[in-house]
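Input: a single structure, listed below in structure tokens.
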């Protein structure tokens, strides 16, 4: 077994939301160690640890921090992305709810590394309970004198997936509609309030105290060489034991789903696995031996993403699943750039036509064509995220898509596990219907 | 506390006051139940913004209500992980129990039912959010008791 608790150590046997309990297990010790270091020395530690961003992109955290303009012309900001909204992901929620002080400590250490005195944590609006727990941890740590001259503001979102995209998050935090910005300039040079800004995911920041505690040279030895450390994996879907599991990176997918997750629920057959949240390409059972780390999942044709593993059994119609995913991305497209705004809607139209048995083979080609016109051509990654599920389901389950066309309807005949699943109709109602030319 | 005064306190948290628009809209919505034109005007005045600007912000985010909602809000996640384990049956159970379709409000004004996107409760799916608090998991057989309690409490 390669289960290993760093971020969630003691989180289930103690109430770590209490400052006293957190301190009793060594909490805020890493902050003292970090503050004894010069910012440059601290940054070296983070670089040495080879920690990679846990939010999805996997960019080396130390390198990102070293890009922050610290010339002092403007204040520097640290922004924590707690807008966890990727379908399948609920790991940041667990960390904030169970171990909020670890995030606060990580914020204070990271702020020291980039010489920032102003920290914003952007938490998704739906996480009300987690917000309350986190805000209390912030208040308690502040009252205990741990902040020095640093300030932390916890800012609540209000329901927009796009705000997990870092520049959309910055616009939202500035009090605008959350729409991505063209880059360059990149946030380390010109981010929040046009000032140098470092943006990291909750889990990335929460890992930093553990790196300081263990020492970067020890942390880097955990897991595979290019993807060191642990990550909290969110396991969901048709599996016996869904939940959050902290594992060393490089743990095989099979171990997570079968040894830890107890296998496919209700003795059904495994049909497919989404390894990193709904936005990443899908894997099939022959890929179960893929180790869960950045390089290995990329080699298997998908992405580590947000470590959200969704298990799908053989009762699921892949056209319906693709349609549901496509409706999500259509709804969440911010509307700023044309390929994503129009392309996501075309995908929904075509998939609806396929599912309802009104499509012909040329529509499958048209759908692939629409995907190609969105992929890599949108202002931010949301366009790509909309394409990956649709194009990968179509590639890996081509026969099922063709059966819909050839048989003039869904071959599951109303028995699919996701039959009739609603996209939020009240939210989609304002989208006018666009006729797709044949 | 007056809404105006409460918004000034929010304003002080940020280097630029425009940043306070989201928490200010939330305060106004909590106070009035929804963001009426009058509520938007109050927020705008407190932040030196225009009502149109505030409406542009409010209309971008799903959690702001630009029309009145019921005294209770029931939201059922129907995204992939919840869909795979029967979220649709839960939506249907609420529709049956309340006599309305998703997106509507019951005649007595007690409950607004919505299907929503991923709430981040996939580990204990299907997730239902009642007045911003998560209930995980909720199965169709749990629905009548939830509805009864909401109706009694209103």
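What follows is calculated from the coordinates using simple rules that are stated; it is not laboratory data. Worth saying up front: this structure is predicted, and the values here are computed from it rather than measured. Glycine gets a Cβ as well: all are built from the backbone with ideal geometry, and neighbour counts include every protein chain shown.
Quote the FRET efficiency, to the nearest 0.05, computed for residue A:342 versus residue B:107 with a Förster distance R0 of 41 Å and r equal to the Cβ-Cβ distance.
0.55
Give, in whole angstrom and from largest to smallest, the semi-axes √(5λ) of the equivalent ellipsoid of the protein assembly as shown, with λ running over the eigenvalues of the Cα gyration tensor. Before the final figure, lay out the partial values.
Numbers: eigenvalues 255, 179, 111 Å².
After diagonalising the Cα gyration tensor, the semi-axes are 36, 30, 24 Å.
Considering only C-alpha atoms, what is the centroid distance from segment B:14-29 to segment A:219-265, in Å?
39
Mind running the shape call on segment A:330-414? Use the C-alpha gyration tensor, a ≥ b ≥ c as the square roots of the eigenvalues: rounded below 1.5 for a/c, prolate if a/b tops b/c, oblate otherwise. Could you put the intermediate results ahead of the total?
Numbers: a/c = 2.37, a/b = 2.08, b/c = 1.14.
The shape class here is prolate.
Given contacts defined as C-alpha pairs under 8 Å and at least six residues apart, what's the relative contact order of segment B:3-60, whole-number percent? Before the final figure, lay out the partial values.
Numbers: 58 pairs, mean separation 19.0, N = 58.
In percent, rounded to a whole number, it is 33.
May I ask what percent, to the nearest 5, of DSSP beta bridges between residues of the protein assembly as shown are antiparallel?
Details: 22 of 49 bridges.
Within the protein assembly as shown, antiparallel bridges account for around 45 percent of the total.
Given a cut-off of under 8 Å on Cα pairs at least six residues apart, what relative contact order in percent is computed for chain B?
On the way: 243 pairs, mean separation 29.4, N = 154.
Averaging sequence separation for qualifying contacts and normalising by length gives 19 percent for chain B.
Under 10 Å, Cα contacts only: if you run a Gaussian network model on chain A, which one of A:299, A:141, A:168 comes out with the highest mean-square fluctuation?
A:299
How high is the FRET efficiency from residue A:377 to residue A:284, r the C-beta distance, R0 41 Å, rounded to 0.05?
On the way: r = 28 Å, r/R0 = 0.67.
Calculated value: 0.90.
Under the classification rounded if a/c is under 1.5, otherwise prolate if a/b is larger than b/c and oblate if not, where does segment A:131-171 fall, given a ≥ b ≥ c as square roots of the Cα gyration tensor eigenvalues? Mind dumping the intermediate values first?
Details: a/c = 4.66, a/b = 2.07, b/c = 2.25.
Taking the square roots of the gyration eigenvalues as a ≥ b ≥ c, segment A:131-171 is oblate.
How big is the equivalent ellipsoid of segment A:143-260 along its three axes, where each semi-axis is √(5λ) from the Cα gyration tensor, reported in whole Å from largest to smallest? Walk me through the numbers on the way to the answer.
Details: eigenvalues 196, 92, 50 Å².
The answer is 31, 21, 16 Å, longest axis first.
How much mean residue ellipticity at 222 nm does chain A get from its helices, if each DSSP H run of length 4 or more adds -39500 (n - 2.57) and you divide by all residues, to the nearest 500 deg cm²/dmol? Provide the component values of the computation, followed by the final result.
Working: 17 runs with 174 residues, N = 438.
It comes out at -12000 deg cm²/dmol, rounded to the nearest 500.
Looking only at segment A:230-313, where both bridge partners belong to it, what percent of the DSSP beta bridges are antiparallel (to the nearest 5)? Could you put the intermediate results ahead of the total?
Numbers: 13 of 17 bridges.
About 75 percent, rounded to the nearest 5.
Running a GNM on chain A with Cα contacts under 10 Å, which residue among A:376, A:178, A:250 ends up with the highest mean-square fluctuation?
Taking springs between Cα atoms under 10 Å, the residue moving most is A:376.
For chain B, modelled as a Gaussian network with Cα springs under 10 Å, which listed residue fluctuates most, B:50, B:78, B:105?
The residue with the greatest mean-square fluctuation here is B:50.
Rounded, prolate or oblate: which fits segment A:124-192 when a ≥ b ≥ c are the square roots of the eigenvalues of the alpha-carbon gyration tensor, with rounded for a/c under 1.5 and prolate only if a/b beats b/c?
oblate
How much FRET efficiency would the formula 1/(1 + (r/R0)^6) give for residue A:144 and residue A:74, where r is the Cβ-Cβ distance and R0 is 41 Å, rounded to 0.05? Walk me through the intermediate numbers first.
On the way: r = 30 Å, r/R0 = 0.73.
Once the sixth-power term is evaluated, E becomes 0.85.
Modelled label-to-label distance, residue A:368 and residue A:38, 7 Å Cα→beta-carbon offset: nm?
5.8
Kirkwood Rh over Cα pairs of chain B into Stokes-Einstein at 4 °C, 1.567 mPa s: D in µm²/s? Walk me through the numbers before you get to the answer.
Details: Rh = 16.8 Å.
In µm²/s, the coefficient is 77.
Return, ordered by residue number, the residues of segment B:76-115 whose backbone nitrogen is under 17 Å from a label point located 7 Å along Cα→Cβ of residue A:129.
Hits in segment B:76-115 for residue A:129 at 17 Å: B:76-77.
Over what distance in Å are the Cα centres of segment B:81-113 and segment A:43-83 separated?
Cα centres, segment B:81-113 to segment A:43-83: 43 Å.
Would you mind calculating the gained length between residue A:240 and residue A:399 on full extension (0.36 nm times residue separation, minus the Cα-Cα distance), in nm to one decimal? Walk me through the numbers on the way to the answer.
Numbers: separation 159, 0.36 × 159 = 57.24 nm, distance 2.85 nm.
Stretched out fully, the residue A:240 to residue A:399 stretch lengthens by 54.4 nm.
What is segment A:120-208's relative contact order, in percent, from Cα pairs under 8 angstrom and six or more apart in sequence?
Values: 94 pairs, mean separation 19.0, N = 89.
About 21 percent, as a whole number.
With labels modelled as points extended 7 Å from the Cα through the Cβ direction, what inter-label distance (nm, one decimal) is found for residue A:267 paired with residue A:24?
Those two pseudo-labels are separated by 4.6 nm.
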